[in-house]
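In what follows, a structure is listed as structure tokens, so that the remarks can point back to it.
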Amino acid sequence: MPTQALARQRNDSTFPSIWDELTWRGLVHVSTDPEALARALAAGPLTAYCGFDPTAPSLHLGHLTQLLVLRRLQLAGHRPIGLVGGSTGLIGDPRPSAERTLNSRETVAAWVERLREQVGRFLDFEGPSPARMVNNLDWTAGLSAIDFLRDIGKHYRVGTMLKKDAVAARLNSEAGISYTEFSYQILQGYDFLQLYREHGCTLQTGGSDQWGNLTSGIDLIHRVEGVAVHAIGTPLITNSDGRKFSKSEGTAVWLDPESTTPYAFFQFWLNTADADVIERLKVFTFLSRDEIDGLEQAVQERPGAREAQRRLAWEVTALVHGDEAADAARDASAALFGSGDLAALPPAMLEAALAELPSATGEPGTSVAGLLVATGLTASAGESRRAIAQGGVYVDNERVTDAEAVLGPMLHDRFAVLRRGKRTLAAVVRDA
RNA sequence: GGGAGGGUGUCCGAGUGGUUAAAGGAGACGGGCUGUAAACCCGUUGGCUCUGCCUACAGAGGUUCGAAUCCUCUCCCUCCCA
């Protein structure tokens, strides 16, 4: 539970306002009337919410941006509400590409619990502006179809709904769109209305791809309550090379340590491109403008040293997994990449480093190809064979050249370090 | 309800009876160069007990020496009409 990180976080006091800081950090891509919003933020504590739908058992990096926006608002004295989409998760936000497969109610309910716990870790539930967690199932579960159509549906114009990006894209594609997903924006709009009524919530944040859903609530509140509320859309984070940010080796980077180990998480950030690292520091860390400026200079003067990447990796890992996990990941990274001679590492350090990696059991004589599969470094025996043939497999930093190779003597008689490519590592541990 | 078109590997997309495990592209992975970057160059990319075998072109069945390609039924999608 990374409470150290929470306690340490603060906004940069050199900014005249939270609005200025959010802007500087590049977190505002679109918003409702910027002047009115800046004024509202400056006028006193307001309540802001962001929703997280249970589409998987864990949040991923895309969600982290949102969590940090809420946290920054909280640090500025505003009250954050984290919403988990117990009901919206049952419906599915339309993606531009294709219809979602519905998950069972039990699955969604289980994911809701996990997300609720994850979201809770990034906000402070005590202090002067305590956070709050809500589940939209609480106010939609009892809503009848008739009430829904009469009380909410009547405020929606189909013409407007059709113009929403994801909907329009789907209508123009072969996939089409179901009535279920088409209705999603109404549910999200109703959430905002509900939170406005219950908690006086007047600001919703979300990714810019959510803009249509954000304005859905704004319009509804305006119609029903006659009040102008606000929204901030954060930019879609992309890599300078056009590759998808938040994907490592083709799969999402998760906040759950069971899905993405702290070590893998640390490595992901450490490998950030020079061209992206400053932007990432602004969005994903609480470092001050001064500190980030300093790191920017370091990148220009000594890019090879990768100071900014190291700092970024530690900060974000500490934020998500705690200081100890960040230290362990950093030390493991240094130990395993630092020296070519693994046998020279003190056994305790080697053991600690290997504990961060995916592992399998083996002993001298165990097939290397089999171990690659067992550790998850390759997906099949055939892939192992190809990887070895291509010279992409190493045991204890020695390249393996024979597809039939077996494990030799182990480090300290207990360990072996398996490597795929330049930087994907796994541990082999002898069964005690 | 009626009619037309369509469902191919991670994704996009060619292929309308026989060198098709399936063109091409993207993505991903590996090698080289580097800084555990980026860019660039080269290679790989269904599985296995791997000079062979198995499984695959929505699902099931059929025709044929032989099918992703032809036929039947089922499921799903798109468009037009109602």
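The values are calculated or read from the model by the stated rules, or taken from the named source; none is laboratory data. All values reported here derive from a predicted model rather than from experimental measurement. FYI the Cβ positions are ideal-geometry reconstructions off the backbone, even for glycines, and counts take in every protein chain you see.
Summary table below
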item	result
Verdict on A:GLY212 being outside any loop (DSSP other than H, G, I, E, B), away from RNA strand B (no atom under 16 Å from the Cβ) and closer than 18 Å to A:VAL69 by Cα	no
Hits in the stretch A:375-391 - residues which are surrounded by fewer than 19 Cβ atoms within 10 Å (Cβ to Cβ) and in contact (Cβ under 8 Å) with a residue 24 or more places away in the chain	A:GLY376
Number of positions in the stretch A:401-432 that are more than 16 Å from RNA strand B (Cβ to nearest atom), among the acidic types (Asp, Glu) and either touching a strand residue (DSSP E or B) at 6+ places or on another chain (Cβ under 8 Å) or not assigned by TED's automatic domain parsing to the domain that holds A:SER367 (or both)	1
Output for the stretch A:295-354, where each listed residue is within 24 Å of A:GLU279 (Cα to Cα), within 15 Å of RNA strand B (Cβ to nearest atom) and among the acidic types (Asp, Glu)	A:GLU296, A:GLU301, A:GLU307, A:ASP327
Those residues of the stretch A:168-201 which are within 16 Å of RNA strand B (Cβ to nearest atom) and closer than 27 Å to A:VAL134 by Cα, in sequence order	A:TYR179, A:THR180, A:GLU181, A:PHE182, A:SER183, A:TYR184
Qualifying residue in the stretch A:144-154 (condition: touching a residue at least 24 places away in the same chain (Cβ under 8 Å), away from RNA strand B (no atom under 16 Å from the Cβ) and polar (S, T, N, Q))	no
Search result, residues across the stretch A:261-294 that are among the aliphatic types (A, V, I, L, M), within 14 Å of RNA strand B (Cβ to nearest atom) and part of a helix (DSSP H, G or I)	A:ALA264, A:LEU270, A:ALA275, A:VAL277, A:ILE278, A:LEU281
Close pairs (7 angstrom Cβ cut-off, 6 or more residues apart or separate chains): in the same structural domain as A:LEU46 (by TED's automatic domain parsing) in the stretch A:9-21, assigned to a loop (DSSP other than H, G, I, E, B) and acidic (Asp, Glu) anywhere	A:GLU21/A:ASP12
Residue among A:THR101, A:THR55 that alone is free of Cβ contacts under 8 Å to residues at least 40 places away in the same chain, in a loop (DSSP other than H, G, I, E, B) and surrounded by fewer than 24 Cβ atoms within 10 Å (Cβ to Cβ)	A:THR101
The stretch A:124-138, subset of a type outside the set (Asp, Glu) and more than 30 Å from A:TYR184 (Cα to Cα), residue surrounded by the most Cβ atoms within 10 Å (Cβ to Cβ)	A:SER129
Listing of helices (runs of 4 or more DSSP H) fully contained in the stretch A:325-392 that carry 2 or more residues being more than 25 Å from A:GLU404 (Cβ to Cβ)	A:347-355
Qualifying residue in the stretch A:202-209 (condition: assigned to a helix (DSSP H, G or I), more than 14 Å from RNA strand B (Cβ to nearest atom), under 22 Å from A:LEU64 (Cα atoms) and assigned by TED's automatic domain parsing to the domain that holds A:LEU70)	yes
Test: A:PRO358 is free of Cβ contacts under 8 Å to residues at least 60 places away in the same chain, in contact with a strand residue (DSSP E or B) (Cβ under 9 Å, 6 or more places away or on another chain) and not hydrophobic (A, V, I, L, M, F, W, C)	no
Hits in the stretch A:373-384 (condition: within 10 Å of RNA strand B (Cβ to nearest atom) and either of a type in the set (A, V, I, L, M) or closer than 25 Å to A:THR261 by Cβ (or both))	A:VAL373, A:LEU377, A:THR378, A:ALA379, A:SER380, A:ALA381, A:GLU383, A:SER384
A:VAL158, sole failed condition from (1) in contact with a helix residue (DSSP H, G or I) (Cβ under 8 Å, 6 or more places away or on another chain); (2) free of Cβ contacts under 8 Å to residues at least 60 places away in the same chain	(1)
Subset of the stretch A:385-400 [polar (S, T, N, Q) and near RNA strand B (Cβ under 8 Å from one of its atoms)]	A:GLN390
